[in-house]
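Below is one structure, written out as structure tokens; comments come after it.
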Amino acid sequence: MIDSRNPMKDRVAIAGASTTGFEARNTGRSQTSLAAEACVRVMRQCGLQASDIDGICGSWPNAATMQSTLGIPAITWSGNPVIPIVDHIAVAAAAVHSGLCNTVLVYHAAYRLPWNTASSLKDPFRRIATPGLSDPRPGPESMASSTGYTAWAARYIHEYKVPKEHFGLVAINDRSNAALNPAAAMRDPMTMDDYLSARMIRWPLSLLDMDVPVDGGDAFIVTTAERAKDMQLPPVLIQAAALGQVRHNEEDQTTSLRCHGQQVVVEALKAKSDFWIEDIDVYFPYDGFTPIALNWVENAGWCGPGEAGSFLETNWDQARARILIDGRIPVNPHGGSLSEGGTQASGHIREAVHQLQGLAGERQVPRARRALVTAGGFFFNAQGLTLHRV
């Protein structure tokens, strides 16, 4: 049952967001060092000391390791949810609102590991750092992860009778936007010919349809709206968060492109928020695989099922080779998962915060006040946030 109850609305804020930037290569750094650098940066950005933090929430490394690394003397709450990172922001906000803690340091270290890049499989240190892969024994192929998305991408093309070029619009938009993002891993220009000639991984998805494995980190400060007002940057209020699933939430069990976690997220966010797509200034659909972004565009309500590619063509900024909805709303202006790097949505949220705080540099959307983040895929990990600045 989805209703409009939302007692946390506008009571919790993201006070700051920071990044190390991302590299599409195996660096000489650990996940802990990347996460710690991002954490130190965001704490300094907000004018906080280690003793001001009483909650820790992150992906890798675990919260205990991060507390020790940063020298945080005492905490009253911690969490290590699963990715994508909307999950982390949501549970941190709930912890703050409930009184379990007052100020949460949220972090995520994106890292090239054997599950997402073969070069890491050859690195003994990275192989050891991946649970279950210190002695890799590939099992039987299944529908999980990238294999599942290639099947659903083929289903999308077959069911809606659309060309592969519609997927390419997502990839080109990301690359064009990443050119203005110094934190992005992939910044060279991309044309449709480049996209169509990319190495095929499994039809219909090529190398340029899949997010880029990167090393890098992001961090956030989540606290009460009142406390955020006293910090150094304009607070970004969390209006609503949603983590959506349907009963059939595995790649090979989902029944339809029109019945999965994305629809649940959209219905919940619309019920719990005071604004929707007609009111936003910047949009962040997840793009770990290109067809995910097309589905988010459709499910958010911009157009009907199977119409996202045509919608993007109609709202294409020819001068910049990017999407500009209604001539004013950019889509993933940081470059998204396909060009900034596969950050599991921490990059989407960080860019949303920076846009609303006026910190996005050359990418800045004039007078940006409202943002929509729809993260994750079709299955167990569809998530969303509505964010705004007063």
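Only the coordinates and a few stated rules stand behind these numbers; no lab work does. Please read these numbers as outputs of a predicted model, since none were measured by experiment. In this analysis, Cβ positions are derived from the backbone assuming ideal geometry, glycine residues included, and neighbour counts consider all displayed protein chains.
Structure above, values below:
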item	result
Computed over region 208-264: relative contact order in percent, which uses C-alpha pairs under 8 Å that are six or more apart	23 percent
Counting all C-alpha pairs of region 248-390, share separated by more than 24 Å (%)	25 percent
Table column - 3J(HN,Hα) (Hz), region 68-85, Karplus curve with 6.51, -1.76, 1.60, x for Gly and Pro	5, 4, 8, x, 6, x, 7, 10, 10, 7, 8, x, 10, x, 7, 6, x, 7
Lysine-lysine proximity count for the chain, Cα under 25 Å, sequence distance 8 or more or distinct chains	4
Per-residue ³J(HN,Hα) for region 164-177, Karplus 6.51 cos²θ - 1.76 cosθ + 1.60, θ = phi - 60°, Hz, x for Gly and Pro	4, 4, 5, 5, x, 4, 5, 5, 5, 4, 4, 5, 4, 5
For region 385-390, 3J(HN,Hα) per residue [Karplus equation, 6.51 cos²θ - 1.76 cosθ + 1.60, θ = phi - 60°, Hz, x = Gly/Pro]	9, 10, 10, 8, 10, 5
Point-charge dipole on Cβ atoms (K/R +1, D/E -1) for the chain, about Cα centre, debye to 20	480 debye
Rotationally averaged projected area of the chain (alpha carbon convex hull; nm²)	17.9 nm²
Ordering of 192-198, 232-238 by burial proxy (mean other Cβ atoms within 10 Å per residue, highest first)	232-238, 192-198
Protection proxy ranking of 283-295, 215-227, 365-377 - average other beta-carbon atoms within 10 Å, highest first	283-295, 215-227, 365-377
At q = 0.12, 0.13, 0.22, 0.24 Å⁻¹, base-10 log of I(q)/I(0) for region 225-296 (Debye sum, equal scatterers on each alpha carbon)	-0.47, -0.54, -1.10, -1.20
